[in-house]
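Undergrad: Before I ask anything, here is the structure I am working with.
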């Protein structure tokens, strides 16, 4: 009797989810057309990188995510968790105090598989495989799909007079906005002089913990960081252009996948400074407001296959926000970086606050720097992986 009840609940969820998805397919079509009219780059599912194995070759009991790049598995899990407003144990059973991610014990996991197949079918039939419809399309942060608008409905805001006046202005081109950004930073000559950088400050984690933080970088992509934590002591991380590593109280290990990406990306020496050449397509995406500031928006596709939106202050020309979108088979996963408190350092404007916001709350953080120095000597050996500690000497029994 209990199993029949669970089955009925599961089927009801599937049917309600299907109805909700199909009901808003038309809205997704409109959004897709609107995006194209705004020169937004179309989202394409990223192919598996030849050197990266698909997830079914790395993990056990993969049934509907076959072909997904293994590095996308955790981001996809976090995306589905955020879309439904639940934690991992909503679908995964526990065993001996830990999640048994391979187990199919909980019916919610089976329901999730059916939902993934339904979403993939809708996107294949209506959007040429692009993830226009996703878990979030219907669930909106709730376990059950949102079936009706919340009342009372919000009144449509009237068009501001200022916006109506500026609507007739000739919009700047992407090249003009990027050129102005280069000048706002201090000019091409100042950027070309940038060869190294040291930064000291704090790292504020998503759970409110403040850690000591130091960064040392040299061109083109070498980086060494020091993180002072209250529980794990000092954690060092480095990348010498070929090998990435971490050293702490738990030992020495190599970094790869999302950890390597995070180390190199936040902050990258040139990624958010030399924007020209980073995109296969980039166009003017309109005018908007951000924290009370008028901004120009550029939309396009990066060389890495990710959709991009960049927000530039109309008054200063500086980059205030960058949003990238990773296209996966279950949805588009956004990542947002905000740049604040620009200051002049040796003729170059640099942000002293960098906020990173991701689908995974644990990956979100705020880096606030109290000291930034440019073109300072940095010991090249800092970036190299330290030698492994010698094994503990075996004790010779006393005669």
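Undergrad: Suppose R0 equals 30 Å; then what is the FRET efficiency for residue 280 and residue 341 from their Cβ-Cβ distance, rounded to the nearest 0.05? Numbers along the way, then the final one.
TA: On the way: r = 32 Å, r/R0 = 1.06.
Using R0 = 30 Å, I get an efficiency of 0.40.
Undergrad: Once you put a point 7 Å from the Cα of residue 151 and another 7 Å from the Cα of residue 183, both along the Cβ direction, what distance in nm separates them?
TA: 5.5 nm
Undergrad: Run the simple label-point estimate for residue 58 and residue 252 please: 7 Å along Cα→C-beta, distance reported in nm.
TA: Taking the simple label geometry, residue 58 and residue 252 are separated by 2.5 nm.
Undergrad: Assuming R0 = 51 Å, can you tell me the calculated FRET efficiency for the pair residue 221 and residue 114, based on Cβ-Cβ distance, to the nearest 0.05?
TA: Details: r = 43 Å, r/R0 = 0.85.
After rounding, the FRET efficiency stands at 0.75.
Undergrad: For residue 125 and residue 173 in the same chain, what is the full-extension length gain: residue separation times 0.36 nm, less their Cα-Cα distance, in nm? Write down the numbers at each step before the final one.
TA: Numbers: separation 48, 0.36 × 48 = 17.28 nm, distance 3.56 nm.
Fully extending the segment from residue 125 to residue 173 adds 13.7 nm.
Undergrad: A further question on this structure: Give the relative contact order (percent, whole number) for segment 174-383; include only Cα pairs under 8 Å separated by 6+ residues.
TA: Numbers: 429 pairs, mean separation 46.7, N = 210.
Relative contact order for segment 174-383 comes out at 22 percent.
Undergrad: Now for a different question. Using the count of nearby Cβ atoms within 10 Å as a rough guide to exposure, how do 320, 185, 151 rank from fewest to most? Don't skip to the answer; put the middle values down first.
TA: Numbers: 320 19, 185 23, 151 5.
Listing 320, 185, 151 from fewest to most nearby Cβ atoms yields 151, 320, 185.
Undergrad: What is the spin-label model distance, in nm, from residue 142 to residue 101 if the labels are put 7 Å beyond Cα along the C-beta direction?
TA: Result for the modelled spin labels: 3.0 nm.
Undergrad: Calculate the FRET efficiency for residue 315 and residue 379 from the Cβ-Cβ distance with a Förster distance of 56 Å, rounded to the nearest 0.05. Before the final figure, lay out each step's value.
TA: Working: r = 40 Å, r/R0 = 0.72.
So the FRET efficiency works out to roughly 0.90.
Undergrad: Find how much the distance from residue 196 to residue 303 grows on full extension, using 0.36 nm per residue of separation minus their present alpha carbon separation; answer in nm with one decimal.
TA: On the way: separation 107, 0.36 × 107 = 38.52 nm, distance 2.45 nm.
Extra length from residue 196 to residue 303 when fully extended: 36.1 nm.
Undergrad: Related question: Note the full-extension length gain between residue 290 and residue 243 as 0.36 nm times their separation in residues minus their Cα-Cα distance, in nm to one decimal. Can you show the working numbers first?
TA: Details: separation 47, 0.36 × 47 = 16.92 nm, distance 3.85 nm.
Stretched out fully, the residue 290 to residue 243 stretch lengthens by 13.1 nm.
Undergrad: Compute the separation of the alpha-carbon centres of segment 231-245 and segment 253-316 and state it in Å as a whole number.
TA: Computed from Cα coordinates, the inter-centre distance equals 25 Å.
Undergrad: Please work out the C-alpha center-to-center distance from segment 328-376 to segment 66-125 and express it in whole Å.
TA: 30 Å
Undergrad: Still on this structure, please answer the following. Within segment 313-355, find all residues whose amide N lies under 17 Å from a label point positioned 7 Å from the Cα of residue 370 along Cα-to-beta-carbon.
TA: Answer for segment 313-355: 352-354.
Undergrad: Going by how many other beta carbons lie within 10 Å of each one, how would you line up 183, 259, fewest first? Can you show the working numbers first?
TA: Working: 183 11, 259 14.
Least to most surrounded, the residues fall as 183, 259.
Undergrad: Remind me, relative contact order of segment 206-308 in percent, using alpha carbon pairs under 8 angstrom and six or more residues apart? Mind showing how you got there, number by number?
TA: On the way: 147 pairs, mean separation 14.9, N = 103.
Answer for segment 206-308 is 14 percent.
No lab work stands behind these numbers, since they all come straight from the coordinates. Please read all numbers here as calculations on a predicted model, not as lab measurements. When we count neighbours, we look across all protein chains shown, and the Cβ atoms used for this are built from the backbone with ideal geometry, even at glycine.
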